1. Evaluate the following for Leu100: is it free of Cβ contacts under 8 Å to residues at least 12 places away in the same chain, open to solvent by 10 Å² or more (accessible area, probe 1.4 Å) and closer than 27 Å to Thr133 by Cα?
2. Has segment 76-86 got any residue that is closer than 12 Å to His21 by Cβ, at pLDDT 95 or above and either in a helix (DSSP H, G or I) or in contact with a His (Cβ under 6 Å, 6 or more places away or on another chain) (or both)?
3. What number of residues in segment 119-138 are surrounded by 20 or more Cβ atoms within 10 Å (Cβ to Cβ) and among the charged types (D, E, K, R)?
4. Looking at segment 111-128, which of its residues are more than 14 Å from Gln63 (Cα to Cα) and of a type outside the set (D, E, K, R)?
5. So, in segment 1-18, of the ones that are open to solvent by 70 Å² or more (accessible area, probe 1.4 Å), within 14 Å of Gln104 (Cβ to Cβ) and in contact with an Asp or Glu (Cβ under 9 Å, 6 or more places away or on another chain), which residue ends up modelled with the lowest pLDDT?
6. Here is a check on your reading of the model: is Leu97 among the aliphatic types (A, V, I, L, M) and within 26 Å of Ile138 (Cβ to Cβ)?
7. Regarding segment 47-63, can at least one residue be identified that is in a strand (DSSP E or B), surrounded by fewer than 22 Cβ atoms within 10 Å (Cβ to Cβ) and of a type in the set (Gly, Ala, Ser)?
Amino acid sequence: MNRLLSELHRLYPPAPAGHAHALLLALGRPADWEALGAVWRGLQADLGLPAPGIAVSGTDAMQLWLPLQQPVSTARATDFLARLAARYLPGIAPARLRLLASDQPPPVPAQDTASGNWSAFVAPDLAPVFVDTPWLDIPPGADGQADLLARLQPIPPAAFDAALLALAPAATGTPAASAAPAPAADVDPRHFLQRVLNDESAPLALRVEAAKALLPRG
């Protein structure tokens, strides 16, 4: 297995049916790195998550590929992506967004059969260059793609759980809000807080907040 395939499978290994290891949020028609870059920064600065992979689609979009350390159900992954888009891309028309919870590694790099252009992972500082042309017209180098992926780390389970709850819509106290479904039916709040507190790979800020939440109320 070459370095590129090794990195793809390290970050985005195949997941069991009904689960996802790779989460895609893409913005296109037209591509807009200013808007998508706000999501990329928010994932790190606001939610304390590792940086996702940035890619050009080879056609008309820019993409964020989020790797998970452990697979989650497709429903939870899709819920996370929907909340992420609602938080950071509220004014974007739904037709311009693509949200995908995948059980397979990203199909990047790959050649678009219609145009002959290529999808590829790109460095954060080069992402704005591809806004008008979100593709490469020649195949990207496998070693260069592997180097970009080698800098990325998958999202630990406790950090994913914490981010999912952090993205929950704020309660308004109205009957409609009270009747809203729980953020994730398969996550017990105290259980996930304890996981965050005990997970040394989780961001320190999240562990501190978990410890505060677990303190007895007096």
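1. So Leu100 fails the test.
2. Taking segment 76-86 first, the residues closer than 12 Å to His21 by Cβ are 77.
Keeping just the survivors that are at pLDDT 95 or above gives 77.
Retained after the next criterion (residues that are either in a helix (DSSP H, G or I) or in contact with a His (Cβ under 6 Å, 6 or more places away or on another chain) (or both)): 77.
Checked against the condition, which is being closer than 12 Å to His21 by Cβ, at pLDDT 95 or above and either in a helix (DSSP H, G or I) or in contact with a His (Cβ under 6 Å, 6 or more places away or on another chain) (or both), segment 76-86 yields at least one hit.
3. Residues meeting the conditions: 0.
4. Gln111, Thr113, Ala114, Ser115, Gly116, Asn117
5. Ala17
6. It is false that Leu97 is among the aliphatic types (A, V, I, L, M) and within 26 Å of Ile138 (Cβ to Cβ).
7. Within segment 47-63, none of the residues are in a strand (DSSP E or B), surrounded by fewer than 22 Cβ atoms within 10 Å (Cβ to Cβ) and of a type in the set (Gly, Ala, Ser).
Conditions tested, residue by residue: (1) open to solvent by less than 40 Å² (accessible area, probe 1.4 Å); (2) at pLDDT 95 or above.
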{"residue": "Leu148", "(1), (2)": "yes, yes"}
{"residue": "Asp161", "(1), (2)": "yes, yes"}
{"residue": "Leu165", "(1), (2)": "no, yes"}
{"residue": "Thr172", "(1), (2)": "no, no"}
{"residue": "Ala185", "(1), (2)": "no, no"}
{"residue": "Ala202", "(1), (2)": "yes, no"}
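The values are calculated or read from the model by the stated rules, or taken from the named source; none is laboratory data. Since the structure is predicted, the reported quantities are computational estimates derived from the model, not experimental observations. Cβ atoms come from the backbone with ideal geometry, glycine included; neighbour counts cover every protein chain shown. Only protein heavy atoms, including side chains, enter the accessible area calculation; ligands, DNA and RNA are left aside. Shrake-Rupley method; radii C 1.70, N 1.55, O 1.52, S 1.80 Å.
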